[in-house]
Amino acid sequence: MWDELKRLAASGAGTTIAERFDNDNRAAEFSLNAAGMLFDYSKTALDEQSRAALVQLAKDAGVETHRDAMFTGKPINATEERAVLHTALRNLDGGPVVVGDADVMPEVHETLERMEDLAREIRRGEVTDVVNIGIGGSDLGPAMAYLALKPYADGPRCHFVSNVDGADIADTLRGLDPKTTLFIVASKTFTTIETMTNARTARAWLDDRRVSHEGRFVALSSNKEKAAEWGIPENRVFGFADWVGGRYSMWGPIGLSLMVAIGPEAFRAFLRGGQEMDRHFTAAPLHQNMPVLLALVGIWNNQVLGHATRAVLPYDNRLARLPAYLQQLEMESNGKSVAMDGSPLQVDSGPIVWGEPGTNGQHAFYQLIHQGTRVVPCEFMVAAEGHEPDLAHHHDLLIANCLAQSEALMRGRTLEEAREICARQGFERDELERQARHRVFPGDRPSTTLVYPQLTPEVLGKIVALYEHRVFVEGAILDINSFDQWGVELGKELAKALEPMVTGEAGTDEKDGSTRQLVEFVRRFRD
Ligand code: F6P
């Protein structure tokens with residue numbers, strides 16, 4: 001099928017995206033309205049044939065079978081022999097979910113209710129500031145969602161400390177009152193060096209101010225023993241099973257800071273949104289399935305057309321952390337070079353994901369997107385309505401800018417049009433020609449646009465679940481295990497060995513010349 005897709009891409013190369021709109025129905029035929037959102041992928045080089053071939057590719061890859069295996073608790077994370085069931089965390093009113101012989105739902109509900117009790121207690125009490133200490137999946141999800149849902153945040157202020165760079169925790173704690181600050185130590189493993197270092201620093205911060213640790217710490221972890229060793233009482237530890245991957249964990253205990261901020265009801269609305277997307281993903285046929293189509297557009301742009309990156313461009317300032325969140329979700333999941341059976345991948349792995357909110361990005365990197373030599377497929381997203389009714393004119397401008405960018409990327413500007421502009425500006429002859437060439441936009445650059453009604457908790461739940469399932473579908477098609485992350489191990493091991501070299505307790509002889517030189521340069525400032 002890959003050869004067939006490449007053949008279709010080559011045969012369609014002579015037709016521009018704009019020319020494809022000669023068919024009046026293209027916009028409707030190449031978009032999907034589901035779960036209250038509109039996903040428009042008509043401004044891509046896809047036609048009916050290539051879309052059908054991609055759907056066939058998904059079928060051949062067994063996407064539906066894999067999907068059902070995931071939702072029914074089969075150990076699809078085969079290198080770690082784990083089920084993948086973050087969907088159970090949002091299965092609010094669904095049936096049982098069985099792993100091994102046991103239904104996991106009673107424990108999911110019990111943990112959720114315990115979280116809600118604590119969240120209510122915190123929201124009623126004297127805590128003014130909550131500091132979530134975690135990294136990767138134990139940080140990016142709640143940090144992204146806290147910002148996204150600011151209009152709903154009526155609880156204590158939340159802060160997120162992740163980096164082992166002491167600047168992060170120092171800047172966060174400055175100005176906080178130790179008597180009204182609560183620390184949430186979020187770590188699936190409870191061994192992550194950054195998180196444990198920051199948690200110890202938080203403890204020392206309280207000690208220095210002679211404030212008792214009692215009631216000041218909560219732990220979110222799969223490793224209850226380690227949390228207990230750390231002295232956090234059992235009723236303040238919220239566990240989750242190994243079938244919740246770190247980057248898929250914000251739906252459960254890792255979402256506690258978000259729940260404290262927005263309240264249990266709004267958090268449930270977030271879960272409901274995720275569940276609605278699950279229902280759509282499991283029920284809709286592949287060709288009318290939003291996560292599947294989003295994945296297929298991604299596969300088309302990346303593995304078929306060879307565009308190595310994709311830009312996520314939310315025209316929603318409160319989604320400023322979404323690109324960072326998606327970087328982990330997509331790149332930690334599908335950045336792999338071997339197939340499930342350990343053989344080399346036959347196609348490229350998942351793309352490089354990056355982005356920034358619009359309109360800011362327009363004044364920074366869009367220049368390259370419009371006129372650079374490489375094509376960057378873009379994923380725009382925008383809400384029909386903002387949360388600032390008094391500033392509706394801002395939102396109109398925001399939407400106009402978002403739509404203008406996708407239109408500009410598709411249409412471009414020809415040399416002839418550029419010459420006319422330059423002539424109107426008074427340029428003549430050779431200078432006109434020279435100036436005009438700088439004003440040409442190649443156009444024919446693909447983008448998709450997701451429009452959602454408003455960034456409510458429920459809608460955010462839908463968007464996050466949409467992207468989770470997109471990653472799943474791409475992984476299934478590429479025959480990748482999207483749920484392990486062995487690629488992060490080597491750096492961690494080397495860092496452990498390097499620390500004593502940085503402090504001077506160990507020599508650097510065994511290291512390569514570059515590493516030795518870098519350590520020695522740093523050490524010169526210490527001695
Ligand atoms: O560095 C990789 C990673 O294992 C991520 O997958 C995970 O989200 C993050 O570290 C944090 O891990 P933990 O929650 O166990 O502290």
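The values are calculated or read from the model by the stated rules, or taken from the named source; none is laboratory data. Remember, predicted model here, so these are calculated numbers, not experimental data. Glycine also receives a Cβ, built like all others from the backbone with ideal geometry; neighbour counts cover every protein chain displayed.
Give the number of residues within region 120-161 that are among the aromatic types (Phe, Trp, Tyr) and part of a helix (DSSP H, G or I).
2
Residue 92 - would you say it is away from the ligand (no atom under 16 Å from the Cβ), touching a Lys or Arg at 6+ places or on another chain (Cβ under 7 Å), in a helix (DSSP H, G or I) and not assigned by TED's automatic domain parsing to the domain that holds residue 66? Don't jump to the end; show me each part of the working.
On the way: away from the ligand (no atom under 16 Å from the Cβ): yes; touching a Lys or Arg at 6+ places or on another chain (Cβ under 7 Å): yes; in a helix (DSSP H, G or I): no; not assigned by TED's automatic domain parsing to the domain that holds residue 66: yes.
No.
Could you say whether any residue in region 59-69 is hydrophobic (A, V, I, L, M, F, W, C) and free of Cβ contacts under 8 Å to residues at least 12 places away in the same chain? Lay out the reasoning, then the answer.
We begin by selecting, within region 59-69, every residue hydrophobic (A, V, I, L, M, F, W, C); these are 61, 63, 69.
Add one more test, that the residue is free of Cβ contacts under 8 Å to residues at least 12 places away in the same chain, and what stays is 69.
Yes, that holds for at least one residue.
Can you tell me how many residues in region 104-114 are surrounded by 15 or more Cβ atoms within 10 Å (Cβ to Cβ) and either free of Cβ contacts under 8 Å to residues at least 24 places away in the same chain or in a loop (DSSP other than H, G, I, E, B) (or both)?
Looking only at that region, the number is 2.
Answer with yes or no whether residue 1 is in contact (Cβ under 8 Å) with a residue 24 or more places away in the chain and closer than 30 Å to residue 113 by Cα.
no
Got a sec? Which of 177, 117 is under 18 Å from residue 202 (Cβ atoms) and either surrounded by 15 or more Cβ atoms within 10 Å (Cβ to Cβ) or at pLDDT 95 or above (or both)? Spell out how you get there, then give the answer.
On the way: 117 fails: under 18 Å from residue 202 (Cβ atoms).
Unique residue meeting the criteria: 177.
Restricting the search to region 217-256, which residues are within 11 Å of the ligand (Cβ to nearest atom) and among the aromatic types (Phe, Trp, Tyr)?
Selection gives 240, 248.
Only one of (1) within 16 Å of the ligand (Cβ to nearest atom); (2) touching a helix residue (DSSP H, G or I) at 6+ places or on another chain (Cβ under 7 Å) is not met by residue 300, so which one is it?
If we test residue 300 against (1) within 16 Å of the ligand (Cβ to nearest atom); (2) touching a helix residue (DSSP H, G or I) at 6+ places or on another chain (Cβ under 7 Å), just (1) comes out false.
Inside region 428-512, counting only helices (runs of 4 or more DSSP H) that do not spill past its ends, which hold 1 or more residues that are modelled with pLDDT under 95?
So the answer is 489-503.
Of all residues in region 461-502, which are within 14 Å of the ligand (Cβ to nearest atom) and under 15 Å from residue 342 (Cα atoms)?
481, 482, 483, 484, 485, 486, 487
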